[in-house]
Amino acid sequence: MTDSCACGADRDRRKLLAFLGAAMVATGQPVDEVEDELREVGRRLGAPDVQVAAGPTGVHVGLASGDPATFESVDGRLRLDQAVDVRLIRHLLVTGRIAREEALDRLLGLRGKPLRYPAWLAEGGLVVVAVGICLILQPGLANLAAAALGGVIVIGLSRMAQWHSSLLALLPTMAAFAVSALVFAAAAAGLLDGALRTVLPPLAVLLPGALMVTGLSELAAGAMVAGASRLLYGTVQLLLFALGVAAAATLLGTPAQLLGNVRVSGLGWWAAPLGLVVIGVGITLMEGVPVRLAPWVLGVLAVTFLVQLGGQRLGTPALGSFLGAIAASIGASTAELVRRQLPRLVVFLPSFWLLVPGSLGLIGVSEVAILSGEGSTVGFDVVGVVLAIAMGLLVGSAVSRALRALVGRLRRRTSSEEDFTS
């Protein structure tokens, strides 16, 4: 009877850890961090020798070497508001302030959590984000209108893609083709300039920039299977987007002079600051981010943008991307230290839409496909920017971990002194 109870308790602990790990992966957290944090939770639950193997599609958990293991698959990504709940549950488990049964129930109900805002408002957030990114990348009135209309097209295609898995696989190509056809036709009619950069804002939310950089960071951390699979998947997605752009340009017979990487500046200096605010509002609507956390999202976005811009002015786009990635990582970790229950991913992931590694990659791959004689130069530029962001992420993560460890030691020392004096 005792052995049966012990086996049941072990099974429940494995199930809880597996569900928690799968939820953490679904928030976009690198698998090496997921494994480390699950081991910490396992020690708190009385399993100091817990064995964890996390991947992009699932998590295996065993309580000790040679023991039975439990597998839980990752069923798609979680919204940022759900990521807040995952972080809170993990924090409560580590501090022993929640029962295992309650934690498991909350994890099981996570997927069914309703949107914080009405569905139409959450979907409209994509249009808001597209306009915000356009204010930074291509600040012209006609370009803003095209970006907003492109966002509406992406929403419609995303809804249609939910009908069947095969349509979902084709979404990158369909979205890129539809938006590109709209923008290229407008450029050919003389309604706007800088067509290629105008294509990017409506597609930025779908682009695999964060996925590819996370994959590179996992490779550098030794998570070879997860890193290589993410990088390969992101590259294929990027090629599908580029295919849609190239197909639209070919079908419409768009001349090469309309497809250069040209930036217009029809608006004043205030376009970029306004774009940051608009992006923050759009992310809050799309991802259901609580209003109380929106200032933190905006703060890290602003810091990332300013540091990236400064690096570009002082050196090259690669230097700006490197410094911007460091700023995003350290800024998000600092926010988490100030607000201990705030997951740094909530304020960190939106910064990728400013760094836009996927967008820069799409520009490069599209230019390689459309323009002749520039492939090698563009390709090296794309690789340089993506690698610079990955290296900046690694440096920022190392500094952030050291900072968190230092703050943790100071907090424990302060707590011990308070216990001694009392």
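First select every other residue whose beta carbon is under 14 angstrom from the beta carbon of Q82; then total the charges, Lys and Arg +1, Asp and Glu -1.
+4
Report P(r) for segment 146-212: all Cα-Cα distances, bin width 10 Å, range 0 to the bin holding the largest distance, values in whole percent.
Percent of pairs per bin, in order: 22, 50, 24, 5.
Measuring from label point to label point, each 7 Å out along Cα→Cβ, what is the A64 to V262 span in nm?
Result: 7.0 nm between the two label points.
Any idea what % of Cα-Cα pairs in segment 98-172 are farther than 18 Å?
Of all Cα-Cα pairs in segment 98-172, 60 percent lie more than 18 Å apart.
With the crude spin-label approximation of a point 7 Å out along Cα→Cβ, what separation in nm comes out for L306 versus Y233?
Going from the L306 label point to the Y233 one covers 3.6 nm.
Along the Cα→Cβ direction, 7 angstrom out, place labels at R11 and R339. What is the inter-label distance in nm?
In this crude label model, R11 to R339 measures out at 4.0 nm.
How much length is gained if the chain between A405 and A189 is pulled fully straight, taking 0.36 nm per residue apart and subtracting their Cα-Cα distance, in nm to one decimal?
Roughly 72.0 nm would be gained on extension.
Would you kindly state how much longer the chain becomes between A148 and R100 on full extension, computed as 0.36 nm times their sequence separation minus their alpha carbon distance, in nm to one decimal?
Stretched fully, the A148-R100 segment lengthens by 12.7 nm.
Here, each number is a calculation from the coordinates, and none is a lab measurement. Note that this is a predicted model, so its numbers are computed, not measured. Positions of Cβ are generated from backbone atoms using ideal geometry, with glycine treated the same way; all protein chains shown enter the neighbour counts.
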